[in-house]
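> Could you have a look at this structure, given as structure tokens, before my questions?
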Amino acid sequence: MTTAPATSALASQLATTGHATVPQLCTAAEVAALLHCIEAAPAASPNFRRSQDLFAIRNLLGEIPALWPSLDTPALRSLLDELFPEGCHLTKAIYFDKPAGSNWLVAWHQDLMINVDRRADGLPGFGPWTAKAGWVAVQPPVAVLENTVTIRLHLDDCDATNGALKVVPGSHLGGVVPAETIAAHTAMATVCAVPAGGAMLMKPLLLHASNRSTGTQPRRVVHLEFSVAELPEALVWRERREL
């Protein structure tokens with residue numbers, strides 16, 4: 001008889017509340033190396049979005065391949081082994097820079113869409129589909145989202161003054177929440193402060209939001225999504241990376 005691997009306290013907390021914080025995932029030197037690599041990258045691609053309130057890079061590892069060796073640390077591998085004892089793959093990577101005083105905010109929502117390589121109508125449980133700037137995204141069955149974990153690596157100290165995420169603990173357990181009922185779930189929201197070099201872990205179905213920045217500190221985050229889920233043969237994760 002095969003014995004299932006024991007669930008760690010961190011994995012148990014993530015399963016119960018939908019979020020958890022790792023106070024240190026990167027050293028100060030590793031954070032500095034990540035920032036240097038990002039800041040040195042040419043920003044000519046449409047995947048680089050810049051305004052006075054936001055700088056974002058989607059398909060981060062496709063745009064800056066040299067970043068992966070700095071991200072792929074023993075600490076990250078150890079964390080992934082803890083969360084996914086049977087292995088996982090990376091499915092998405094984004095960089096967010098919320099400058100000091102940014103008026104950019106994010107309303108309450110769940111992360112319901114995944115990026116894929118093509119549109120494949122008729123797949124049970126997949127839809128709606130969207131296509132924008134050459135990218136195809138789709139809402140997958142809930143089981144795919146339930147088997148995905150987001151790791152938000154913070155490159156700055158982050159609290160309520162510079163856009164730390166607000167979350168509703170346990171809200172990931174109710175599946176997809178209809179948009180018109182989201183407001184009724186947010187009374188028990190909590191702010192997730194994270195120090196520079198630390199990481200916030202969250203489930204995609206967790207209700208979360210972000211306020212405008214009111215302080216002088218930027219909020220730079222590397223957003224990584226990992227999953228153990230496999231897609232139907234007709235689809236491939238757009239940014240899939242084997243680990």
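The numbers here are math on the coordinates, done by the rules we state, and not lab data. From a predicted model like this one, the values you see are computed outputs, not experimental measurements. Cβ atoms come from the backbone with ideal geometry, glycine included; neighbour counts cover every protein chain shown.
> In Å and on Cα atoms, what radius of gyration and Dmax does region 70-118 show?
15.5, 42
> To the nearest µm²/s, what D does Stokes-Einstein give for the chain at 25 °C and 0.890 mPa s, using the Kirkwood radius over alpha carbon pairs as Rh?
Taking Rh from Cα pairs, D becomes 132 µm²/s.
> With the chain treated as a Gaussian network of Cα nodes joined by springs under 10 Å, which of 122, 101, 18 yields the largest mean-square fluctuation?
122
> Return the single residue from 121, 157, 97 with maximal mean-square fluctuation; model: Gaussian network over the chain, springs between Cα atoms under 10 Å.
So, out of 121, 157, 97, the one fluctuating most is 121.
> So, one more: Only four residue types carry charge here, +1 at the Cβ of Lys and Arg and -1 at the Cβ of Asp and Glu. Report the dipole size of region 161-243 about the Cα centre in Debye, rounded to the nearest 20.
The dipole of region 161-243 has a size of about 420 debye.
> Let me have the relative contact order for region 68-146, percent, based on Cα pairs under 8 Å that are six or more residues apart.
Across region 68-146, relative contact order equals 21 percent.
> Still on this structure: Under the definition of Cα pairs under 8 Å and six or more residues apart, what whole-number percent is the relative contact order of the chain?
Relative contact order for the chain comes out at 32 percent.
> Going highest first, how would you order 37-44, 167-174 by mean Cβ packing within 10 Å?
Result, highest mean first: 167-174, 37-44.
> Also, quick follow-up: How about residue 98: which aspartates and glutamates have a C-alpha closer than 15 Å to its C-alpha, ignoring those fewer than 8 places off in the same chain?
Straight-line reach from residue 98, under 15 Å: 39, 53, 156, 157, 159.
> Could you put 76, 165 in order, starting from the residue whose Cβ has the fewest other Cβ atoms within 10 Å?
So the residues, fewest neighbours to most, are 76, 165.
> Write down, largest first, the equivalent ellipsoid semi-axes of region 147-222 in whole Å, where each equals the square root of 5 times an eigenvalue of the alpha-carbon gyration tensor.
23, 15, 9
> For region 182-243, what Kirkwood radius comes out of the mean inverse Cα-Cα distance, in Å?
15.5
> Ranked by Cβ crowding within 10 angstrom, fewest neighbours first, how are 158, 192 ordered?
With the sparsest Cβ surroundings first, the list reads 192, 158.
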